[in-house]
Each structure stands twice: as C-alpha cells, then as structure tokens.
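The values are calculated or read from the model by the stated rules, or taken from the named source; none is laboratory data. All values reported here derive from a predicted model rather than from experimental measurement. Cβ coordinates were reconstructed from backbone atoms using ideal geometry, including for glycine residues, and neighbour counts include every protein chain displayed. For accessibility, only protein heavy atoms count, side chains too; no ligands or nucleic acids. Shrake-Rupley method; radii C 1.70, N 1.55, O 1.52, S 1.80 Å.
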Amino acid sequence: MDEQIIVDTAAAHAATGVAPGTLRVWLYRRHLTHHGRDTAGRDLVDLAEVQARVVAKAA
C-alpha cells in the first residue's frame with residue numbers, strides 16, 4: 001500500500017500544476033477525499049490521489 005502524503009492545496013498545485021481553485025472544486029464534487037484543514041484553514045488532500053486524478057483526466 002502506498003503511503004499517503006497529505007499536503008495543502010498550494011503544495012498540491014506546486015507538485016502537479018493543478019490550480020488550487022480546481023482542487024477545491026474537485027473536493028466539493030467529491031472527486032478527491034478531504035483530509036481536513038491545516039492551522040491556516042487550507043484544505044488538505046492526498047498528493048497521490050491528486051496525481052492519479054490528473055493522469056485519469058489526461059487519458
């Protein structure tokens with residue numbers, strides 16, 4: 001099983017190029033699992049899950 005790497009939407013954007021707003025829409029539409037919020041109130045996501053969604057959308 002792959003280890004989860006939980007990051008905020010800004011870090012997910014930096015790693016994948018997906019805009020933070022797009023990530024928030026994916027969270028709202030439940031295309032991504034919401035892993036809570038950090039102390040600054042930013043949404044947290046699993047980086048591998050974001051990368052998998054990017055690959056699936058590209059196919």
Q. For the chain, what is the accessible area per residue in Å², given a 1.4 Å probe and the full set of protein chains?
A. 69 Å²
Q: Determine the share of the chain's accessible area contributed by carbon and sulfur atoms, expressed in whole percent, with a 1.4 angstrom probe.
A: 52 percent
Q) Dipole size in debye (nearest 20) for the chain around its Cα centre, Lys and Arg Cβ +1, Asp and Glu Cβ -1? A) 360 debye
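Just order 6-17, 23-34 by mean Cβ neighbour count inside 10 Å, highest at the front, would you? Mind dumping the intermediate values first?
Numbers: 6-17: 17.0, 23-34: 14.6.
Going from most to least packed, we get 6-17, 23-34.
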Q: Taking 7 Å along the Cα-to-C-beta vector as the label spot, tell me the residue 58-residue 19 distance in nanometres, rounded to one decimal.
A: 1.9 nm
Q.
How large is log10 of I(q)/I(0) for the chain at q = 0.16, 0.17, 0.18 Å⁻¹ when the intensity is taken from the Debye formula with one equal scatterer per alpha-carbon?
A. -0.42, -0.48, -0.54
Q. What helices does the chain hold that run 15 Å or longer along their axis, going by alpha-carbon atoms, with a Kyte-Doolittle average of 0.5 or more, using DSSP H for the helix calls?
A. 47-58
